[in-house]
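Engineer: Here it is: the structure, laid out below.
The values are calculated or read from the model by the stated rules, or taken from the named source; none is laboratory data. Just so it is clear, the model here is predicted, and its values are computed rather than measured. Glycine also receives a Cβ, built like all others from the backbone with ideal geometry; neighbour counts cover every protein chain displayed. Accessible surface is based on the protein model in full, side chains and every heavy atom, while ligands, DNA and RNA are left aside. Shrake-Rupley method; radii C 1.70, N 1.55, O 1.52, S 1.80 Å.
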Amino acid sequence: MSSVFIDPSAIVFVSISYETNNAILDAIQSRMKSLSAAIEAPHLVVDSARHTGGQFSAKEVDTKLSALTARSYLVAGAPLEGALSYAVLSLLLNGLDVFVPVDQVVALEAAHTHTCLQRLQNSGATLITFKQAILELSIVGGGKKLTSLLRNG
């Protein structure tokens with residue numbers, strides 16, 4: 001059974017190179033890295049395209065995710081239709097808790113966002129906002145480090 005409250009033991013940022021505004025992905029990765037540092041959780045960047053000539057590699061994603069031993073994950077990045085969904089579904093298949101901040105994911109086609117997020121939610125992922133994650137984590141014990149993210153994020 002998945003956790004009701006967010007308690008990510010690890011922050012996963014998924015990025016596969018594609019035609020998009022990299023400034024958006026850079027901003028998302030920066031927010032995830034700051035959150036990871038604030039709660040002292042591992043921050044894993046999965047960018048299989050770097051090692052596979054620009055192509056998505058399920059094997060690379062699986063290898064990186066299997067190296068983590070966390071019970072709960074906060075997963076953000078892009079593309080929502082491919083690598084990000086694959087990472088979320090892989091974690092769910094392993095019985096892990098997965099939280100997806102809907103304002104920290106990017107789809108190749110904006111029209112696909114709702115359908116992709118609905119698929120992840122129907123599969124067991126918990127959809128939240130980045131602000132909601134910060135506030136829930138600050139209640140659990142993140143304190144000032146997390147509330148500063150609200151001002152800067």
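Engineer: Among the residues of segment 114-139, how many are of a type in the set (A, V, I, L, M, F, W, C) and either outside any helix (DSSP H, G or I) or out of contact with any strand residue (DSSP E or B) (no Cβ under 7 Å at 6 or more places or on another chain) (or both)?
Structural biologist: So the answer is 8.
Engineer: Restricting attention to segment 16-54, report how many residues are open to solvent by 20 Å² or more (accessible area, probe 1.4 Å), closer than 22 Å to Ser90 by Cα and at pLDDT below 65.
Structural biologist: 6
Engineer: How many residues, within segment 71-113, are part of a loop (DSSP other than H, G, I, E, B), crowded, with 19+ Cβ neighbours inside 10 Å and in contact (Cβ under 8 Å) with a residue 60 or more places away in the chain?
Structural biologist: Looking only at that region, the number is 2.
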